[in-house]
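First the structure, in the form of structure tokens, and then the observations on it.
Just so it is clear, none of the values below were taken in a lab; they were calculated from the coordinates. Bear in mind the structure is a predicted one, so any value in this text is a computation, not a measurement. Don't worry about glycine lacking a Cβ; one is built from the backbone with ideal geometry, like all the others, and counts go over all protein chains shown.
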Ligand SMILES: NC(=O)c1ccc[n+]([C@@H]2O[C@H](COP(=O)([O-])OP(=O)(O)OC[C@H]3O[C@@H](n4cnc5c(N)ncnc54)[C@H](OP(=O)(O)O)[C@@H]3O)[C@@H](O)[C@H]2O)c1
């Protein structure tokens, strides 16, 4: 298949591009952070520039489009709501429109944080209630994409992994700090279901192969607090877990509101694919194997300063 991945310099897009390029022809877009790699075709484009989406589709002629590009930093979204709306809502709508007209299939990446997290154990049927600009613009993107292309897949994700600059994911936050002997906070009252970016890649491909459409929760089958995530990672990497101070998010000083319980049900996807979603242990094991294989450094080497 010819697959176009937007946001291929990001945490998800880069891992996705590298995981899929062995079996597919992959085009990956970057904006500010270019890449030096022969593994897939890198296309530098600001997707907000007039005509950029049309030119990109014309050039790549994809059969599948996986849209990962976004303004995914919560505080950046609060600081610039207009940019957040353009990138997180308007761009997916425009892209979905052109993709549908071209006859290609689209998988749009959304977030678990469309929920306020006051309840937890959310299914795809539950009513979202976004707490901030990021979550609001992502929820609006789900509706915008499905409006113009009801056959699109919307994947609500939460992920961790190794990234281009080595500091994009929560796993890297704990790994970097604990390896340096630095104390960190670990929230005991924020729950989530993080899935390894590399595992997400395979799941996305199977969702496209099975011709799924509509809304799916694509997260780990296991929910835990961010503190427990840090402790589990510390154990797997033989790092000192006592450096993680159990803390309430209320004491953190973080600006943008965080949903406390983002435990999402994955039954819908598990039954559509005929497989359960990976547990955290599976993801952490693979994160560790990738580390032993020098994958984090290999990613770092792709960065063009
Ligand atoms: N990370 C998480 O834990 C998490 C959780 C839930 C949902 N998600 C969702 O997963 C998706 C991927 O997130 P991520 O963490 O991989 O994001 P990320 O690491 O912040 O990467 C964002 C990507 O978007 C690109 N981009 C930004 N502005 C652009 C523009 N104007 N034109 C073209 N590309 C542009 C960036 O390119 P440059 O860097 O080259 O500028 C980068 O490749 C997003 O939809 C996000 O909402 C992520």
What Kirkwood radius, in Å to one decimal, follows from the Cα pairs of the stretch 233-305? 16.4
Given a cut-off of under 8 Å on Cα pairs at least six residues apart, what relative contact order in percent is computed for the stretch 1-134? 23
Kindly put 225, 113, 179 in sequence by how many other C-beta atoms sit within 10 Å of each C-beta, fewest to most. 179, 225, 113
Just rank 43, 153, fewest to most, by other beta-carbon atoms within 10 angstrom. 43, 153
Which value results for Rg/Rh of the stretch 179-275 when Rg is the Cα radius of gyration and Rh the Kirkwood radius based on the inverse mean 1/r? 1.06
If you take every DSSP beta bridge fully contained in the chain, what fraction is antiparallel? Give it as a percent rounded to 5. 10
Using a Gaussian network model of the chain with C-alpha springs under 10 Å, which one of 187, 115, 173 is most mobile by mean-square fluctuation? 173
Please report the Cα spread of the stretch 188-243 along all three principal axes, rounded to whole Å, starting with the longest. 46, 24, 12
If packing is taken as the mean number of other Cβ atoms within 10 Å per residue, what is the order of 63-73, 81-91, highest first? 63-73, 81-91
Could you work out the per residue convex hull volume over the alpha carbons of the chain, in cubic angstrom? 123
Give me the compactness ratio for the stretch 1-102, meaning the Cα radius of gyration over 2.2 N^0.38 Å. 1.04
Could you state, as a whole-number percent, how many of the C-alpha pairs of the stretch 1-47 are farther apart than 16 Å? 23
Based on DSSP H runs of at least 4 residues, each adding -39500 (n - 2.57), what is the mean residue ellipticity at 222 nm of the chain after dividing by all its residues, to the nearest 500 deg cm²/dmol? -11500 deg cm²/dmol
If neighbour count is taken as other Cβ atoms inside 10 Å, put 38, 126 in order from fewest to most. 38, 126
Convex hull around the C-alpha positions of the stretch 69-165: the volume in Å³ per residue is 117
